[in-house]
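To start, the structure itself, in structure tokens.
The values are calculated or read from the model by the stated rules, or taken from the named source; none is laboratory data. None of the values given here were measured: they were computed from a predicted structure. Cβ placement follows ideal geometry from the backbone for every residue including glycine, while neighbour counts extend to all protein chains displayed.
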């Protein structure tokens, strides 16, 4: 007599709690859409301040993501594969921006890279370059708070990757770089792309570290989140319109990439 496997069913309590959570996440977005002054949106979104803020947000978030890839992938590899003293301390320092208040992260950057900072002062004296209140300050702030998302996501995937595939490629004569480029990274591609998307999304929406380290200079360092904050104090309808743009852009990108890289059954 053969046993029949009971079909897997999601508990009703989980369904109810999940539905409640979805509603809780959706309501603020619905409220935003309800308050949008639709007749004024075209004029508000084509204003010079908003267009410039969107340009700065796109440039800084993409630049921060690119830097995070260049620096974060090797760091994740080392944390996942290498053994060295103080590894847990290094991991803690790398992931610290995830739990730091953004304003504290910005202050730390200012004390390190400001004109009177530990690194910023000798840099300014030697080259005349002052990083705060510049586009580079925005990019650095975005990278500092966003790169940990890429590192922890990729590190976990690399740590759980079966080493036998890499060993087989090495046995067949592949060099170490070939194994990394053609075997290891392609096998963790979904996790890599997830980390990249999370990094970009965090950089695109960064506020606290940016305003502390880079300031809020229109046309220079005032990104979309900073524009929303400034507009809330003077022009609430403009703030709602800019918020709408950020929600739509972020949601479209996340949904598109979710379907492309994280497709599930």
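Worth a mention:
- Residue within region 117-131 that is within 17 Å of residue 225 (Cβ to Cβ) and crowded, with 17+ Cβ neighbours inside 10 Å present: no
- Residue match in region 144-159 (condition: free of Cβ contacts under 8 Å to residues at least 24 places away in the same chain and either exposed (fewer than 14 other Cβ atoms within 10 Å of the Cβ) or farther than 23 Å from residue 65 by Cβ (or both)): no
- Taken over region 229-246, the residue count meeting the criterion of being without any contact (Cβ under 8 Å) to a residue 24 or more places away in the chain and crowded, with 20+ Cβ neighbours inside 10 Å is 1.
- Residue 173 being free of Cβ contacts under 8 Å to residues at least 60 places away in the same chain, at positive phi, more than 22 Å from the chain's Cα centre (by Cα) and not in a helix (DSSP H, G or I): yes
- Applying the condition of being in a helix (DSSP H, G or I) and surrounded by 10 or more Cβ atoms within 10 Å (Cβ to Cβ) to region 32-41 and asking which residue is farthest from the chain's Cα centre (by Cα) yields 40.
- Listing of helices (runs of 4 or more DSSP H) fully contained in region 180-241 that carry 3 or more residues being within 14 Å of the chain's Cα centre (by Cα), at pLDDT 90 or above and under 19 Å from residue 78 (Cα atoms): 189-204
- Filter result for residue 51 (closer than 20 Å to residue 199 by Cα and surrounded by fewer than 16 Cβ atoms within 10 Å (Cβ to Cβ)): no
- From 130, 80, 76, 66, residue being free of Cβ contacts under 8 Å to residues at least 24 places away in the same chain and more than 20 Å from residue 205 (Cα to Cα): 130
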